[in-house]
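Reviewing the structure listed below.
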Amino acid sequence: MFGAFERAVAGRYLRARRGERFVSVIAIFSLIGIALGVATLIIVMSVMNGFKADLMSRILGLNGDLSITGTGVPIRDYDALSAKVAGIQGVVSATPLVEGQVLLSVGSYSAGGLIRGMTQADLQRLHEISGNIISGSLADFKGDDAIAIGVTLAERANLTIGSHLTLVSPNGAATAFGTMPRVRAYRIVAIFDAGVNDYNASYAFLPLQAAQVFFQMPQAVSLIQVMTRDAETVRPVTRRIRAALPDQPLRVLDWTQSNNAFFGAVQVEQNVMFLILTLIILVAAFNVVSSLIMMVKDKTRDIAVLRTIGAGRGAVMRIFLMCGASVGVTGTILGTLLGIVFALNIEHIRQALQSVTGTNLFNPEVYYLEHLPAKLEWPQVIQVIAIALVLSLLATLYPSWRAARTDPVEALRHE
């Protein structure tokens with residue numbers, strides 16, 4: 001499509017000579033603009049992909065892909081029900097647990113919290129907790145006074161292994177003077193880091209029997225937490241579970257129903273950010289238009305000479321197409337490399353900047369996660385590259401067409 005003669009002329013025009021450096025400087029800034037736009041789009045989309053994937057894996061890892069609850073009453077025959085659910089196609093595990101809201105209190109510190117009661121074996125299988133024990137051991141998670149808490153709660157309340165944490169439940173015993181709250185102190189045997197600040201601050205785990213005693217649910221559980229093989233395809237599993245439990249007063253709720261608004265908001269934000277950041281590339285493409293128009297005006301005499309020695313309009317148009325496309329392609333390549341390198345090392349870069357500036361650039365209490373995640377999705381990277389190349393090539397069409405339409409007689413007369 002592009003001959004050797006056209007490539008040679010385009011390369012000569014891209015090299016700045018004395019008196020032509022201003023046009024080349026504009027072209028350089030256009031190249032930098034495209035590179036920064038592509039890199040920014042790749043970095044931001046990678047961070048949002050990582051944020052969504054990390055948040056989804058941690059939330060679903062702790063809460064399960066779906067849950068089975070009783071309709072206003074606890075689940076009594078939970079062992080047989082869990083075994084039945086675990087045998088359904090697509091189900092990995094079914095864990096019975098007791099769940100309740102409490103007031104966490106120690107000394108002058110008090111805060112609301114969520115208590116989950118589960119067996120030691122089930123907690124060991126919950127890798128988001130058992131794989132992130134930073135102090136103590138789940139081997140001591142047994143008896144009627146053991147409790148495992150999050151690292152943020154331990155730091156705020158100044159708790160360590162062996163300390164005691166008091167739980168206060170409003171659902172206590174009925175007396176002649178009214179309902180008395182249940183109060184019980186538990187010994188801390190393990191401290192975990194779930195990677196989500198809210199869970200680290202407000203979640204605590206009790207042995208199942210201890211939780212049944214505290215919440216006055218003998219031989220019963222609040223819900224059955226179900227993990228599936230693939231959270232993205234949880235709907236068919238939900239339908240199979242409902243079909244297997246037709247006559248029981250149970251409610252089956254999967255994450256697409258309980259957290260759909262939250263993850264939907266993240267997806268909308270991701271799409272909007274993609275559109276907004278694409279405008280950066282579009283603005284850089286307009287810079288390519290302006291620099292190429294200035295180059296055409298500057299090379300009017302050269303165009304006339306080329307036309308008089310036999311170069312056709314198509315050849316002239318291809319010459320300036322190559323000039324503009326070279327800026328767009330080079331900027332896209334540089335921006336892609338910069339974006340990929342930055343996205344793959346963004347957590348190390350954040351920590352380095354924090355050590356230099358002495359400030360916290362990613363507060364987990366604000367951003368919900370303990371670290372800055374990034375996940376490169378190559379189809380998305382290819383989409384960004386395609387958009388940048390298309391916009392860059394479209395930006396060269398009008399100036400190149402104007403160059404091809406130049407009348408050599410008029411150009412030489414005025415030049």
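Data for the structure
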item: Restricting the stretch 32-87 to residues that are among the charged types (D, E, K, R) and touching a residue at least 40 places away in the same chain (Cβ under 8 Å), the residue that is farthest from residue 267 (Cα to Cα); result: 76
item: Condition broken by residue 124, with the remaining ones in (1) out of contact with any helix residue (DSSP H, G or I) (no Cβ under 8 Å at 6 or more places or on another chain); (2) without any contact (Cβ under 8 Å) to a residue 24 or more places away in the chain satisfied; result: (1)
item: The lone exception for residue 129 - which of (1) closer than 26 Å to residue 169 by Cα; (2) assigned to a strand (DSSP E or B); (3) aliphatic (A, V, I, L, M) it fails; result: (2)
item: Qualifying residue in the stretch 295-315 (condition: open to solvent by 60 Å² or more (accessible area, probe 1.4 Å) and within 30 Å of residue 384 (Cβ to Cβ)); result: no
item: Any hit, the stretch 169-178, residues being under 21 Å from residue 101 (Cα atoms), of a type outside the set (Asp, Glu) and modelled with pLDDT of 90 or more; result: no
item: Unique residue being free of Cβ contacts under 8 Å to residues at least 24 places away in the same chain and touching a helix residue (DSSP H, G or I) at 6+ places or on another chain (Cβ under 8 Å) when the list is 182, 235; result: 235
item: Number of the exception - residue 263 against (1) at pLDDT 80 or above; (2) open to solvent by less than 20 Å² (accessible area, probe 1.4 Å); (3) not β-branched (Val, Ile, Thr); result: (1)
item: Some residue of the stretch 11-27 being modelled with pLDDT of 85 or more, assigned to a helix (DSSP H, G or I) and among the hydrophobic types (A, V, I, L, M, F, W, C); result: no
item: Count - residues of the stretch 119-145 that are open to solvent by less than 10 Å² (accessible area, probe 1.4 Å) and under 30 Å from the mean Cα position of the chain (by Cα); result: 2
item: Hits in the stretch 146-160 - residues which are of a type in the set (Ser, Thr, Tyr) and buried (at least 20 other Cβ atoms within 10 Å of the Cβ); result: 152
item: Residues of the stretch 183-200 satisfying the condition of being over 20 Å from residue 120 (Cβ atoms) and either out of contact with any Gly (no Cβ under 6 Å at 6 or more places or on another chain) or surrounded by fewer than 23 Cβ atoms within 10 Å (Cβ to Cβ) (or both); result: 183, 185, 195, 196, 197, 198
item: Single residue of 110, 93, 105 found to be in a strand (DSSP E or B) and under 30 Å from the mean Cα position of the chain (by Cα); result: 93
item: Test: residue 69 is β-branched (Val, Ile, Thr) and touching a Leu at 6+ places or on another chain (Cβ under 6 Å); result: yes
item: Residue match in the stretch 203-217 (condition: surrounded by 20 or more Cβ atoms within 10 Å (Cβ to Cβ), among the hydroxyl-bearing types (Ser, Thr, Tyr) and in contact (Cβ under 8 Å) with a residue 24 or more places away in the chain); result: yes
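The values are calculated or read from the model by the stated rules, or taken from the named source; none is laboratory data. Note that this is a predicted model, so its numbers are computed, not measured. Note: ideal-geometry Cβ built from the backbone for every residue, glycine included; neighbour counts use all protein chains shown. Protein only, heavy atoms only, side chains kept; ligands, DNA and RNA dropped before computing areas. Shrake-Rupley method; radii C 1.70, N 1.55, O 1.52, S 1.80 Å.
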